[in-house]
Amino acid sequence: MLKVKKKAKPEKIILAEDIYILWQDGHESHISYFDLRDACPCASCVDELSGEKTLDSNTIPKDIRPEKSEYVGNYALRVYWSDKHDTGIFHYKVLRDFDKST
């Protein structure tokens, strides 16, 4: 089972001009809506067997926005996007590491 370290848990998540996350250790993350939607890990966006991205970034509207979000258990965030995509679940570790990958 994947354990989430305390520092990898958000204190608060705010949907504003981007996704703002304040982590329990004081670190702050800002992730653009487009970049997060483009990184969706769901089976519709990533091949389940190869792990390769199948989502064409050009099909994502440039003005993509979350309509709402919800916590999934104590480990992830689910975003309901304006393009009606809602199957992606973003693990907190992935969100925390997002700063390093962009």
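Below is a table of values for the structure above.
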read-out	value
The range 8-21 residues that are under 17 Å from residue 33 (Cβ atoms) and in contact (Cβ under 8 Å) with a residue 24 or more places away in the chain, paired with ones that are basic (Lys, Arg) and surrounded by fewer than 16 Cβ atoms within 10 Å (Cβ to Cβ) (beta carbon under 9 Å, 6 or more apart)	15/65; 15/68; 21/12
Any hit, the range 27-41, residues being within 17 Å of residue 94 (Cβ to Cβ), surrounded by fewer than 14 Cβ atoms within 10 Å (Cβ to Cβ) and either more than 12 Å from the chain's Cα centre (by Cα) or touching a residue at least 60 places away in the same chain (Cβ under 8 Å) (or both)	yes
Residue within the range 50-57 that is in contact with a helix residue (DSSP H, G or I) (Cβ under 9 Å, 6 or more places away or on another chain) and in contact (Cβ under 8 Å) with a residue 24 or more places away in the chain present	no
Of all residues making up the range 43-54, the number that are under 22 Å from residue 69 (Cα atoms) and surrounded by fewer than 15 Cβ atoms within 10 Å (Cβ to Cβ)	2
Complete set of residues in the range 54-65 that are closer than 25 Å to residue 21 by Cα and not in a loop (DSSP other than H, G, I, E, B)	57
Residue that is surrounded by the most Cβ atoms within 10 Å (Cβ to Cβ), among those in the range 55-79 that are closer than 14 Å to residue 39 by Cα and hydroxyl-bearing (Ser, Thr, Tyr)	57
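Per-residue answers, yes or no, for (1) charged (D, E, K, R); (2) assigned to a loop (DSSP other than H, G, I, E, B):
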| residue | (1), (2) |
| --- | --- |
| 25 | yes, yes |
| 29 | no, no |
| 37 | yes, no |
| 48 | yes, yes |
| 51 | no, yes |
| 67 | yes, no |
| 71 | no, no |
| 87 | no, yes |
| 98 | no, no |
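No value in this document is a laboratory result; all are computed from the given coordinates. Please read these numbers as outputs of a predicted model, since none were measured by experiment. Note that each Cβ is placed from the backbone with ideal geometry, even for glycine, and that neighbours are counted across all protein chains shown.
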